[in-house]
1. Could you list, in sequence order, the residues of the range 64-91 that are part of a helix (DSSP H, G or I) and modelled with pLDDT of 80 or more?
2. Which members of the range 54-91 meet the condition of being within 14 Å of the chain's Cα centre (by Cα), closer than 20 Å to Gly21 by Cβ and small (Gly, Ala, Ser)?
3. Condition first: under 13 Å from Ile39 (Cα atoms) and open to solvent by less than 50 Å² (accessible area, probe 1.4 Å). Now tell me which residues in the range 58-79 satisfy that.
4. Can you tell me which residue among Ile39, Ile26, Ile55 is in a helix (DSSP H, G or I), surrounded by 12 or more Cβ atoms within 10 Å (Cβ to Cβ) and either in contact (Cβ under 8 Å) with a residue 40 or more places away in the chain or touching a strand residue (DSSP E or B) at 6+ places or on another chain (Cβ under 7 Å) (or both)?
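The values are calculated or read from the model by the stated rules, or taken from the named source; none is laboratory data. Computed from a predicted structure; not experimentally measured. Using ideal geometry, Cβ is built from the backbone for each residue, glycine included, and neighbour counts are taken over all protein chains shown. Each accessible area value is taken on the protein alone, full model and side chains, heavy atoms only, with ligands, DNA and RNA left out. Shrake-Rupley method; radii C 1.70, N 1.55, O 1.52, S 1.80 Å.
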Amino acid sequence: MDDTLDTYDFAAPSQIRFGAGRIDEIGQVAALWGRRAWIVGGGRSLERSGARGRIEASLAAAGLESRVVARSGGEPTVDQLVAALAGIVGD
């Protein structure tokens, strides 16, 4: 066993929703987990697709504070998330 690997916990929702228009439900789902939402989006796709506005509107309607904390050209890496978290510690 390699003891040099970092350890971490990963929590995933018990329900994953798919289908057209479901993005508008994100606020009600996220509200079950807390009062703030950190958004990790694509390099440019979040804005180009119009998803950012819909996500932020849904989160706001559910009373959640939100902000984009990281962007990634593919699946976010642990290093990208660590860097994003380093920039928001203390919020």
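1. Answer for the range 64-91, where residues must be part of a helix (DSSP H, G or I) and modelled with pLDDT of 80 or more: Val78, Asp79, Val82, Ala83, Ala86.
2. Ser58, Ser66
3. Ser58, Leu59, Leu64, Ser66, Val68, Val69, Ala70, Ser72, Pro76
4. Numbers: Ile39 fails: in a helix (DSSP H, G or I); Ile26 fails: either in contact (Cβ under 8 Å) with a residue 40 or more places away in the chain or touching a strand residue (DSSP E or B) at 6+ places or on another chain (Cβ under 7 Å) (or both).
After ruling out the rest, the residue left standing is Ile55.
The rows are residues; the columns are (1) in contact with a Cys (Cβ under 7 Å, 6 or more places away or on another chain); (2) over 19 Å from Ser66 (Cα atoms); (3) of a type in the set (S, T, N, Q); (4) at pLDDT 90 or above.
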position	(1), (2), (3), (4)
Ser14	no, yes, yes, no
Arg17	no, yes, no, no
Gly21	no, yes, no, no
Ile26	no, no, no, yes
Arg44	no, no, no, no
Ser49	no, no, yes, no
